[in-house]
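J.: Quick one: structure below, then a few questions.
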Amino acid sequence: MKKTLWISVLLAMGYASVCLAQKQVITLGTGGETGVYYPTGGGICRIVNKLKLKPGLRCVLQATDGSVANISRVLDDSLDVGIAQSNWIYKSYHETARDDVEMMGQGAQGSELRTLLVLYPEYFTVIVPKDSDIHQFDDIKGKRISIGTRGSSLRATMSDLLQKKKWQYQDFAQVLSLDATEQASALCEGLIDVMIYTVGHPSGAAREATDDCDSRLISMQGPEVEQLLAENTYYRWAKIPGAIYRGNIKSVPTFGVSATLFTSTTLDDNTAYSLVKAVIEQLDEFRGLHPAFARLDPEQMVKGPFAAPLHKGALRYFKEIGLIE
């Protein structure tokens, strides 16, 4: 009787272990619920969970503070996958991010980061009131600006750009650290002279600035910008599309970073394979989830150089479908 009971218990435990082994919950870190990262992560999880490409695989969304938080939490294993800007991934992979912001997960190595997919561009965006005397980036010298909050892509990019310009923060009348959501109202209320923002377009903040105070976008060109992009592969040339904001009919040349789906070497190859397969094979559906995704192209999504190397599982899928040789 006792032997039979123990066999039953052991069988039950074994069955439970098999069931637990078959279930795999992937946590995906995004950003604030009002930003683009949140619907990006939501779209990815929705597709993964619908397709069930790997038995037991389930994707769960987590709202976070964005790029730096996601990188830190992936490195300390409290997130499996995250979305971050390519400059922060690059700096973390090459162990230079801690010069800019205190990173969590101090025991982890940034060299463990891996790219899954390059998503959409996030543009370095400069907006001024319609009647402003600012017509090019050099004109912002001596003005009141915001350089973004600590750990933001804007602050990291401004640091790179000002270094190339050989400018100091003392060259401006006032330097604030406004959150991205505060800049449009600050511009329209005359608290700052220029709004600078790294963001995917269309953007609610850019729309607020152009609708509420007839603002215009400024192009980003010149030898210093060219040098910046030549020396830093995590930046890319881009054009803010025309006619998406009131009063701004023409496209505006600029540069930016790439919103990137990333993970670490601890994510197993089959799961990485399944994640990228789900997104690429349902790309038409994904494009319809947000205007920022409308121009996504599979060839561009796997085009290097990458901020961190491709994950082996992602590389295997891209080779299978012929996007990478």
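The values are calculated or read from the model by the stated rules, or taken from the named source; none is laboratory data. Quantities reported herein were computed from a predicted structural model and do not represent experimental measurements. Cβ coordinates were reconstructed from backbone atoms using ideal geometry, including for glycine residues, and neighbour counts include every protein chain displayed.
J.: Quick check on my filter: what residues within segment 258-300 are of a type in the set (Gly, Ala, Ser), crowded, with 16+ Cβ neighbours inside 10 Å and out of contact with any Leu (no Cβ under 8 Å at 6 or more places or on another chain)?
T.: Kept after step one, since they are of a type in the set (Gly, Ala, Ser), are these residues of segment 258-300: 258-259, 264, 272, 274, 278, 288, 292, 294.
Subset that is crowded, with 16+ Cβ neighbours inside 10 Å: 258-259, 264, 272, 274, 278, 292.
Listed by number, the list holds a single entry, 292.
J.: Another one. Scan segment 138-174 for residues that are assigned to a loop (DSSP other than H, G, I, E, B) and in contact with a helix residue (DSSP H, G or I) (Cβ under 6 Å, 6 or more places away or on another chain) and jot them down. Don't jump to the end; show me each part of the working.
T.: At the first step, the residues of segment 138-174 found to be assigned to a loop (DSSP other than H, G, I, E, B) are 141-143, 147-152, 166-168, 172-173.
Of everything in segment 138-174, those that are assigned to a loop (DSSP other than H, G, I, E, B) and in contact with a helix residue (DSSP H, G or I) (Cβ under 6 Å, 6 or more places away or on another chain) turn out to be 141, 147, 148, 151.
J.: List pairs: first residue in segment 163-174 and in the same structural domain as residue 228 (by TED's automatic domain parsing), second residue in a strand (DSSP E or B) anywhere in the structure, Cβ distance under 8 angstrom, at least six positions apart or on different chains.
T.: 169/175; 172/144; 172/145; 173/144; 174/144; 174/145
J.: Of all residues being small (Gly, Ala, Ser) and in a loop (DSSP other than H, G, I, E, B) in segment 225-283, which is farthest from residue 112 (Cα to Cα)? Just the residue, please. Reasoning before the result, please.
T.: Quick first cut of segment 225-283, residues small (Gly, Ala, Ser) only: 230, 238, 242-243, 247, 251, 256, 258-259, 264, 272, 274, 278.
From what is left, the residues that are in a loop (DSSP other than H, G, I, E, B) are 242-243, 247, 251.
Working: 242: 39, 243: 41, 247: 45, 251: 38 Å.
Applying the filter and picking the extreme gives 247.
J.: Further question: Could you check segment 284-296 and list, in sequence order, the residues that are assigned to a helix (DSSP H, G or I) and touching a residue at least 40 places away in the same chain (Cβ under 8 Å)?
T.: 285, 286, 291, 292, 293
J.: Against the definition (charged (D, E, K, R) and in the same structural domain as residue 184 (by TED's automatic domain parsing)), how does residue 295 come out, yes or no?
T.: no
J.: Next question. Within segment 294-308, which residues are in contact with a strand residue (DSSP E or B) (Cβ under 6 Å, 6 or more places away or on another chain) and of a type outside the set (A, V, I, L, M)?
T.: Matches in segment 294-308: 306 only.
J.: Note down all Cβ pairs under 6 Å where the first residue falls in segment 297-310 and is of a type in the set (Val, Ile, Thr), the second is assigned to a helix (DSSP H, G or I), and they're at least six residues apart or on different chains.
T.: Taking only residues 6 or more apart or on different chains, the pairs are 302/318.
J.: Looking only at segment 196-210, decide whether some residue is touching a helix residue (DSSP H, G or I) at 6+ places or on another chain (Cβ under 6 Å), part of a loop (DSSP other than H, G, I, E, B) and at pLDDT 95 or above.
T.: no
J.: How many of the residues in segment 181-234 are surrounded by 18 or more Cβ atoms within 10 Å (Cβ to Cβ), under 24 Å from residue 131 (Cβ atoms) and hydroxyl-bearing (Ser, Thr, Tyr)?
T.: Total meeting the criteria: 4.
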